[in-house]
Each structure stands twice: as structure tokens, then as C-alpha cells.
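This report concerns only the one structure given below.
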Amino acid sequence: MNPLLVCLIALFSFPALAANKPNILWIFCEDLSPWMESYGFPVNAGKTPTLDKLSKNGIRFSRCYVPAPVCSACRSAMITGVYQTTTGTHQHRSSRSPEAAIQLPTGIKTLPQLFIENGYSTFNKGKDDYNFIYDRKEHYTADTQKPTPTPGQKKGFYGKRGKADWTTLPKEKPWFGQIQLGGGKTNTRKLTDKVDPATMKVPPYFPNEEIFRQEWAHHYDTVRVTDGHVKNILNRLEADGLLKNTIVFFFSDHGNNHSLRHKQFCYEGGVHVPLIISGPGIEKNTTRNELISGLDISATTLALAGIDLPNYLHGQNLFGDNYKARDHVVSARDRCDYTIDRIRTVRTEKFRYLRNFMTDRILLQAQYRDGQAQTTRLRELHTKGELGKIPTWAFFGKRPSEELYDLEKDPHQIDNLANNPNFTDELKRHRELLNKWIKETADKGEQPESQKHLRAIYKRWGSKCVNPEFDIFKKEEAK
């Protein structure tokens, strides 16, 4: 056949083939822990009807763990399907100025790019928050808004944002879209059915005081409000005649932001998130309890659209013929804003192992929460010697190089078994799992962040940069 004719047939037949593929929507929440009845939190029993219905119409994954407990690092990983520590995008809010620009490694593309190459339209309604340099027009076919700075903050530091959704896209093409919800950051003032803080029993690493019970109750409230936001999205899809042909993913970038030892930390509360998948071709009313990586979401999203999976992905298709359940999931925390740290964690069936690489600093070192009431109260009680043994150890004690917790017996991760001779074999097993992961994924956290990048952080945050890594810039200023 004439080569030109072959090209013309392919050109004109491809849109028709693409049009038969499903739409795929990520409802991507910020800072939201899975505090729903179906995840073992009865406080919200009957209070999340939309998410409960979404689960009944699809699959709920009970143990999904994101690659990082902070937004930009996690989102950089999720949008590529590759660990942020492999692509060099692991430092929170990096690549936010020309002098600190980071390029994705050659050959690695984002999911939106792959979707566009396969005949899809794309959008992201909300923040991108990616730690690499990119032209938004190459990733999202919908509107490409200019960076929207937070009032009082330097332009573009919090990343680029989009305002469009499926209503702006051509009708004849399928789409891959993201809608970002506030999740744990959601304003709950208008919620009438709020959780009574007096009914809250806070974990033992918090003082049993009203201020901590209020924050604990508040996160339950944000889950309730989020349920209403999801309802609005699904109603709009249905009204537009799209719900029957749209696969919906509901998940979060990390755990709740109010509770210390959660967001930005590698305990269960920092990396355990909800995951529900529902839509055409998805099994209904099903729960899967195996260990899931957030990067499996990326791989599965591509697979459901019939897109060949790149060989560099760190996730797998959850519905693939060759799917193999994981025996562990790794997550990583590095610098967050101006707080320099490096923590790695391995979650296995029964245990959580953490390795702290910077044992010279306490867990509650200077950080973005310092002005919040909870943190202020913890420091006040610690100064007075009234904090109590467990919270003193958890926040102000000497940080151990290794931590190991039996999650079945110790869900709050209080009893560190790393020095317990009865768990020597488990400690060694988890240590070897992490060492293997560091090597195989080329963990770039092995090298300190460059002075060029740290200088950009110091320029951004100034006097808040108290870690010793910033001393060189202070000395330069003093000359």
C-alpha cells in the first residue's frame, strides 16, 4: 500500500479510536487522611455518603501509601510515575527560580504528555506544584493560566495553576483531567454537623488537651466537607452525560496537615491515604487490602486508557494480567521548605521501618508549623517540663537512626523495637529492603542539595533558615 495512504488512514482513524476510550479523572485532594468509616474511623460513620457510594460502585484500596509525605515531592512523583528521589525532584518546593531550575531526566515524560500523544485532551483544575521546569502548554491542552501567587508571597513560588475542566475541551476526544480539592485544608466554617472535640481521644504522642482534640476533630470535619465537594463533581459529570464513560480516582497527596507526626513525616499518618477507583470496567463493591504505592495510581491510569506503560515507571497496573502484590512500599522525606531533613521508610505487611539520616536534629526542628497553636503549646509544655514522657520523646528527644514498629500491636508507633533483641531479624530484613531500594532507584538523597539550590532557599526564607547548611550564606552576608 502507498505509504502516504497508510499515513492518511492512520491520521483520520486515530481520533475515532481515541474517542471510544474512557475519560479519566483524578480527584486529587490535599492533606487528607482516610478518616472514613470504611477505613476504620467510625466517627465519620454515615457522614461521607458520596465517598461511600463511590466505593460501592468501585474498588476501595485500604492500604495505599504515597511516595512522599509532602505535596510537591509527591505530586512530582505521581505526575511522572517515578520516585521523586530518582528524578531529583525530592526537595519540597525546589526548582522555583531560574538559578535553581531542575529538568526531568531525559526520556521521562509526564502522564499528561503521554495522554496527549495518545489522542487525549488534558487539564488540571488547581495547582500543579511540580519540582521541575516545564512549559504548561506541553502538558495541559486546556487553559494555561499564569502562576497565581499567594498574597504576600513571591510570584510563582507555589507553582502554576489551571482553571479549566472538561467543559472547555473538544467533545469528540477523550480526556485525562485532574481536579484539586482542598481536602484537609478545606474551610469548615459552614459545616453544621461538626465533630464535638470533647469526644476525641487523641493519640498518646499528643497531650490530652482541648487544643489537640480540636485539631483532631477538625480533620474529621474536613473529610465531611470534602465528601460534598466530590458530590458536586460527580453531579456535574452526570449532568453533562459523562459519568458513565469516566473512570474516577479519588486520593490524596499525603496525610493531614494539622497533626504533627503526620504531614511531612514518614509515620503512617503522613503517607497513608485513601484510594477509590470507580467507573466503567471497574469491579463494584470491592475492597483490596494489599499494599499499594501511590505510583501504582500513575501506571494504572495509563493502562486504563490503553497506553503502553513506559519501562521507567516505578508503579504497576493494579488490574494487569501480570500484576503482583507488593510485599513492601517505600516513602521518602527530604527538605521541606527551609527545614533540611532526610528520612526513608519501608512499610511491610506488619511493620513500619524508618531510617533517620540526620540524627543531629530533633523531629520538631524549626519548620512551617512553628507559628501554629499546637506547636507553640508543645514547645511551651516542653520548656516547663510538663509535656510527658511519650510526647517529649516523640518531638524533642534524640532522634534514633532507626525505628521499627509493630503496627498490629502499636498503631500509633510509640514502642520503637529497633533495639529490641527479639526483633533483630526483622530490623535486618527491613534495613536490607531499604538499602536495595536506595541502590536500585538511584536515590538522589544520597547527595546533599547543591549550594546553588540552598542559596535559592535562603534567599526565599531568610532568617527562618536555621539549619547549619545555611551558615555559609549567613557568613557571606556578614562580610
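The values are calculated or read from the model by the stated rules, or taken from the named source; none is laboratory data. Just so we're clear, the structure is a prediction, and the values are computed from it rather than from any experiment. Because the Cβ atoms are built from the backbone with ideal geometry, glycine has one as well, and the counts that use them run over all protein chains shown. Surface areas here come from the heavy atoms of the whole protein model, side chains and all, with no ligands, DNA or RNA. Shrake-Rupley method; radii C 1.70, N 1.55, O 1.52, S 1.80 Å.
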Farthest toward positive dipole pole in the chain [+1 Lys/Arg, -1 Asp/Glu at C-beta], among Y220, N257, G315
N257
Figure the gain on full extension for A442 and K324 (residue separation times 0.36 nm, minus the Cα-Cα span) and round it to one decimal in nm.
40.2 nm
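Around R399, what is the net charge, scoring Lys/Arg as +1 and Asp/Glu as -1 over all other residues with Cβ under 14 Å from its Cβ?
Cβ neighbours under 14 Å give a net charge of +3.
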Karplus-derived 3J(HN,Hα), 6.51/-1.76/1.60, for each residue of region 242-257, Hz, glycine and proline x:
10, 4, 5, 10, 10, 8, 10, 10, 10, 7, 10, 7, 4, x, 5, 8
At what distance in angstrom do the alpha carbon centres of region 259-273 and region 92-137 lie from each other?
26
Can you work out ³J(HN,Hα) from phi for every residue in region 393-404, in order, using Karplus 6.51 cos²θ - 1.76 cosθ + 1.60 and θ = phi - 60°, giving whole Hz and x for Gly and Pro?
5, 5, 10, 10, x, 5, 6, x, 6, 9, 9, 9
Using the structure shown, list the pairs from K201/K428; K53/K160; K21/K56; K350/K398; K398/K444 with a Cα-Cα distance above 30 Å, or answer none.
K201/K428; K53/K160
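Express the accessible area of the chain per residue in Å², computed with a 1.4 Å probe while the remaining protein chains stay in the model.
Result: 44 Å² of accessible area for each residue.
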Could you order peptides 211-220, 134-143, 269-278 by the average number of other Cβ atoms within 10 Å of their residues, highest first?
269-278, 211-220, 134-143
With each label point set 7 Å from Cα along the Cα-Cβ vector, what nm distance links T359 and K190?
5.2
Rg to Rh quotient for the chain, alpha carbon positions, Kirkwood Rh
0.97
What lysines does K190 reach when the alpha-carbon gap must be under 19 Å and sequence neighbours fewer than 8 apart in one chain are set aside?
K47, K231
List the residues whose amide H sits under 5 Å from the amide H of W175, counting only those 5 or more places along or on another chain, with H placed 1.01 Å from N in the peptide plane.
N23, I24, S121
What net charge do the residues around K475 carry, taking every other residue with its C-beta under 14 Å from that of K475, with Lys and Arg at +1 and Asp and Glu at -1?
-1
Show me the ranking of peptides 245-256, 189-200 by mean Cβ neighbours inside 10 Å, starting with the highest.
245-256, 189-200
How much net charge surrounds S62 when only the other residues with a Cβ under 10 Å from the Cβ of S62 are counted, with Lys and Arg +1 and Asp and Glu -1?
+2
Per residue of region 60-76, in order, report the coupling 6.51 cos²θ - 1.76 cosθ + 1.60 (Karplus, θ = phi - 60°) as ³J(HN,Hα) in whole Hz, putting x for Gly and Pro.
9, 9, 7, 9, 9, 10, 7, x, 8, x, 9, 4, 5, 5, 5, 5, 5
5 Å is the cut-off here: which amide hydrogens, built 1.01 Å from N in the peptide plane, fall below it relative to L291, excluding neighbours closer than 5 in sequence?
R326
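Could you give the length gained on full extension between N311 and E283, defined as 0.36 nm per residue of separation minus the Cα-Cα distance, in nm?
Full extension of this stretch gives 7.4 nm more.
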Only four residue types carry charge here, +1 at the Cβ of Lys and Arg and -1 at the Cβ of Asp and Glu. Report the dipole size of the chain about the Cα centre in Debye, rounded to the nearest 20.
1020
Using a 10 Å cut-off on Cβ atoms, rank the peptides 384-392, 59-67 from the highest mean neighbour count down.
59-67, 384-392
If the chain between Q372 and E386 were fully extended at 0.36 nm per residue, the gain over the current Cα-Cα distance would be 3.1 nm
